[in-house]
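The values are calculated or read from the model by the stated rules, or taken from the named source; none is laboratory data. What you are looking at is a predicted structure, and each value in this text was computed from that prediction instead of being measured. With ideal geometry, Cβ positions are generated from the backbone for all residues, glycine too; neighbour counts draw on all protein chains shown. Please note that ligands, DNA and RNA were not included when accessible areas were found on the heavy atoms of the full protein model with its side chains. Shrake-Rupley method; radii C 1.70, N 1.55, O 1.52, S 1.80 Å.
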Amino acid sequence: MSLLRYLSPEDGFLGLDEEDSAAPDKARAVIIPFGLEATVSYEGGTAKGPQAMLDASHEVELFDEEYWLEPVHQYGVATLVPPVIEKPVERALDQLSALTGEILSQDRFPMVFGGEHSITPGAIRPFLDAIPDLVILHFDAHADLRDGYEGEKFSHASAIRRVLDDPNAEVVSVGIRNISASEIPFYEDNRDRIHMHWAKDKALWTLNNIVEPLRDRPIYLTFDLDGFDGSVMPATGTPEPGGLFWDDALAIIRKAAEVGEIIGADINELSPRPGLHGCDFLAAKLAYKILSYAHLGVPDQKGSRPSNQSLH
């Protein structure tokens, strides 16, 4: 029996009403709203993040000037009914893994809207089990390499450490500007599979260097929204000064899609704040851009209208 139950197109991601773009049996991408919030260590609110992203997505313009068309009609998006999240955290991650696994088994693209970053080890598990050459592209302010935090092994502060429990896992982390002393030994011992790009060195980054480990490989993308500069994304529970701006992040994702293949993703740690609806909108538009790069590849950058596309 299928675990997948779908929202109506009007209530789902982007508020679609076109049957060919949102019908569950046709959509190539599936949104999983999974507002897990169980290990918060500073300020909460991430449980409301998925719905805020869905609501804001109804205001996202479908036309994309990079592609000179409405990309969603090329691949289609359906949205699951938000599940009742199980307890404790480990059972919730098993629940999420079953959802992403079923979508992946149908050769479709799972995208999880969190919730806190502790979702990622559950969301990614079926990918790691099925795809030995998988590499993780990780946007974040925090390294998330603790082996547990405040007594919880599956803490949001341990998200990438739990992913790296799989000895074949490899991660490219971008925008990091917070790491604890307890994380350093693990990082030092695993530099062959942890490629860290510190925010303090952003002026020295090159796209080719960042994406080199992604080349010709399947990519799972996890985006903790506190990876953005706090002036861009104040609506998050664990803010850090500094970080990425919109064009910084998109340039890296675009390049990743050019050299490898993005096959799944999650966006997490949106903590909606009254009056800061722009943060919800940014998260929703980021999801749309990731889906478009993943499914349509990188458009012609010579001009605003790709030479091989027509307007429709």
### Summary
The answer for the net charge of residues other than V211 whose Cβ lies under 9 angstrom from its Cβ, with Lys and Arg +1 and Asp and Glu -1, is 0
### Message
Under a crude label model (7 Å from the Cα following the beta-carbon direction), how far is E102 from K87 in nanometres?
### Response
2.4 nm
### Query
Mind checking the dipole of region 163-312: about its Cα centre, +1 per Lys or Arg Cβ, -1 per Asp or Glu Cβ, Debye to the nearest 20?
700 debye
### Query
Of K153/K285; K202/K255; K255/K285; K87/K153; K26/K255, which ones are farther than 21 Å apart at the Cα?
K153/K285; K26/K255
### Whether the chain is rounded, prolate or oblate, judged on the alpha carbon gyration tensor where a/c under 1.5 counts as rounded
rounded
### Heavy atoms of L296 accessible to a 1.4 Å probe, total area in Å² rounded to 10
60 Å²
### Summary
Taking protein heavy atoms only, a 1.4 Å probe, and rounding to whole percent, the accessible area of region 157-284 owed to carbon and sulfur comes out at 53 percent
#### Entry: Percentage relative contact order, region 97-218, counting C-alpha pairs under 8 Å, at least six apart
24 percent
### Query
Under unit Cβ charges (Lys, Arg +1; Asp, Glu -1), what dipole magnitude, rounded to 20 debye, does region 26-121 have relative to its Cα centre?
420 debye
### Query
Classify region 33-106: rounded, prolate or oblate, from the alpha-carbon gyration tensor (a ≥ b ≥ c, eigenvalue square roots; a/c under 1.5 rounded; otherwise prolate if a/b is larger than b/c)?
oblate
### Query
Based on DSSP, what percent of beta bridges with both residues in the chain are antiparallel, to the nearest 5?
10 percent
### Message
What does the net charge come to around G101 if you take all other residues with beta carbon closer than 9 Å to its beta carbon, with K and R at +1 and D and E at -1?
### Response
-1
### Three-way shape label, region 148-208, alpha-carbon gyration tensor, a/c 1.5
prolate
### Message
I need the P(r) histogram for region 179-312: all alpha carbon pairs, bin width 10 Å from 0 out to the longest distance, whole percents.
### Response
10, 35, 37, 15, 2, 0
### Query
In debye, nearest 20: dipole of the chain around its Cα centre with unit charges on the Cβ of K, R (+) and D, E (-)?
300 debye
